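Participant: First the structure, then my questions, so here it is.
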Amino acid sequence: MARVYGKIESLKSLKSELVSNGIHRFNSIKEIKDFLSNFKKEKLKILNDESEKLDSEYKDTCINLKKRMRQRVAIIAEETEKIDNQISDFQLRINSINTRNKGFLRKLFTFIKLSSLKKQSEHFIKNKSSWVDMSVKTITRNIQKDEDFIQRYKADKQNIIAERAKPKLKKLEKTKLVIEQSRNLISGAIGENLVVKEVKKLSDDYVLINDFNLRFSEPIYYRKQNHRIYSIQIDHLLISKAGIFIIETKNWSEKSVNSISLRSPIEQIQRSNFALYIYISENIPFYHHWGEQTIPIRNLIVMIKNKPMGQFKYVTVKLLKELNDYITYYKPVLTDKQFNRLVAELK
């Protein structure tokens, strides 16, 4: 099996795009495709889950309401009994006071004491209702909440479900929108992934480097396009004993292939070829006893389903199914040592 290094560029770009939009749930293209296929089911599941949670909450609330109402009755009875006992105690103390005392001071003292007890008793009688209400204030508030919830559940269940599901549905819709806006990245990632799977079928005499990048401290002047090259990015760089294959993958529809508004990838791959040729010549020279040896660098555009008619100068265009036959057609020109050095320098 061919050795593969690096991650697919379009996959990295897609992952970055999703993460920048707060989407972290996908780890593969398959998961994204499954999401789109099951979107309606997932949307329905969110609503069903919220419906089940709401039904469960309703049942629990009904049970809790009965329990709280019993607790409220018990608290009222206990608090009423406590206050009534205190009122009775005051009444007993009032009745026990002897108002027939002789002497001015005794009568004055008795009068003051009696007045005080009566005021306290009257205070308890007057505030009994409010004190009892205060003792059940919290539980009464909770009972009211339970009753309000039950009433709303019975009258407006579907709207409650929609309201509770809204944040999750909104997030789901946003995820779908971001994916739909990233269709080109997804299509590219699918295509590049298919190329990797196809190349893996080759022997370990082939090394594939995904998302190959080179930056040049001094730009390379490309006379053909009158352009200075500061860096290159290649979808796949395949190193073999037959030389190097620069592989660009395009997962285009037939309409896109024939559209004149889309920039041709021919110029891009020729530019990359020239820059890579200069880089290898200056940094990884190979010598033969006849002289300096040139490493063949072939330009290959792989179309997944559709390819343009005709042939192109310096660039070969193949369908995915034609890829490996084309690669293995070329005979080795490098020794094992040269091949291993090239791999070590470029990977």
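Read the figures in this text as sums done on the coordinates, not as results from a lab. All values reported here derive from a predicted model rather than from experimental measurement. Cβ placement follows ideal geometry from the backbone for every residue including glycine, while neighbour counts extend to all protein chains displayed.
Participant: Pick out which of Ala162, Ala275, Ala77 has the largest mean-square fluctuation in a Gaussian network model of the chain, springs linking Cα atoms closer than 10 Å.
Facilitator: Most flexible of the set in this elastic network: Ala77.
Participant: In whole angstrom, note down how far apart the Cα centers of segment 285-321 and segment 147-183 are.
Facilitator: For segment 285-321 versus segment 147-183, the Cα centre distance is 54 Å.
Participant: If R0 is 41 Å, what FRET efficiency do you get for Asp34 and Gln151 from their C-beta distance, rounded to 0.05? Write down the numbers at each step before the final one.
Facilitator: Numbers: r = 41 Å, r/R0 = 1.01.
Efficiency, rounded to the nearest 0.05: 0.50.
Participant: Could you state the angle between the C-alpha long axis of helix 9-20 and the longest principal axis of the C-alpha atoms of the chain, as a value from 0 to 90 degrees rounded to the nearest 10?
Facilitator: Between helix and principal axis, roughly 20 degrees.
Participant: In terms of modelled amide H atoms, which long-range or inter-chain residues lie less than 5 Å from the amide H of Tyr5?
Facilitator: When sequence neighbours closer than 5 places are left aside, the close amide H contacts are Leu208, Ile209, Asn210.
Participant: Moving to a separate point now. Expressed as a whole number of Å, what is the distance separating the alpha-carbon centroids of segment 327-344 and segment 39-111?
Facilitator: Value for the Cα centre distance between the two parts: 90 Å.
Participant: Springs between alpha-carbon pairs under 10 angstrom, Gaussian network model over the chain: which of Phe216, Phe149, Phe124 fluctuates most?
Facilitator: Phe124
Participant: Can I ask one more? Magnitude of the Cβ-charge dipole of the chain, K/R +1 and D/E -1, about the Cα centre, nearest 20 debye?
Facilitator: 1880
Participant: Right, here's the next one. Mind checking the angle between helix 265-283 and the chain's longest principal axis? C-alpha axes, 0 to 90 degrees, to the nearest 10.
Facilitator: Taking Cα atoms only, the helix is inclined about 70 degrees.
Participant: Now, a different point. According to the Cα gyration tensor, what semi-axes, each the square root of 5 times an eigenvalue, does the equivalent ellipsoid of the chain have, listed from largest to smallest in whole Å?
Facilitator: Over the Cα atoms of the chain, the semi-axes work out to 90, 24, 17 Å.
Participant: Which whole-Hz ³J(HN,Hα) couplings does segment 314-324 yield from phi under the Karplus relation 6.51 cos²θ - 1.76 cosθ + 1.60, θ = phi - 60°, glycine and proline marked x?
Facilitator: Running phi through 6.51 cos²θ - 1.76 cosθ + 1.60 with θ = phi - 60° gives 6, 9, 9, 10, 10, 7, 3, 5, 9, 4, 5 Hz.
Participant: Which residues in segment 130-159 have a backbone N closer than 13 Å to a point placed 7 Å from the Cα of Lys82 along the Cα-to-Cβ line?
Facilitator: Under 13 Å, as judged by backbone N against the label point of Lys82, lie 131-137 of segment 130-159.
Participant: Which residue fluctuates most in the GNM of the chain (Cα springs below 10 Å): Ile75, Ile186, Ile220?
Facilitator: Ile75
Participant: Step through the residues of segment 338-346 one at a time and calculate ³J(HN,Hα) from phi using the Karplus curve (6.51 cos²θ - 1.76 cosθ + 1.60, θ = phi - 60°), rounding each to whole Hz and writing x for Gly and Pro.
Facilitator: Whole-Hz 3J(HN,Hα) from phi for segment 338-346: 5, 4, 5, 5, 4, 4, 4, 6, 9.
Participant: Helix 104-135: angle to the longest alpha-carbon principal axis of the chain, degrees 0 to 90, nearest 10?
Facilitator: For 104-135 against the chain, the angle is about 30 degrees.
Participant: How large is ³J(HN,Hα) for each residue in segment 140-152, as worked out from phi by the Karplus curve 6.51 cos²θ - 1.76 cosθ + 1.60 (θ = phi - 60°), to whole Hz, x for Gly and Pro?
Facilitator: Computed from phi, the couplings for segment 140-152 are 5, 5, 5, 4, 5, 4, 4, 5, 5, 4, 4, 5, 5 Hz.
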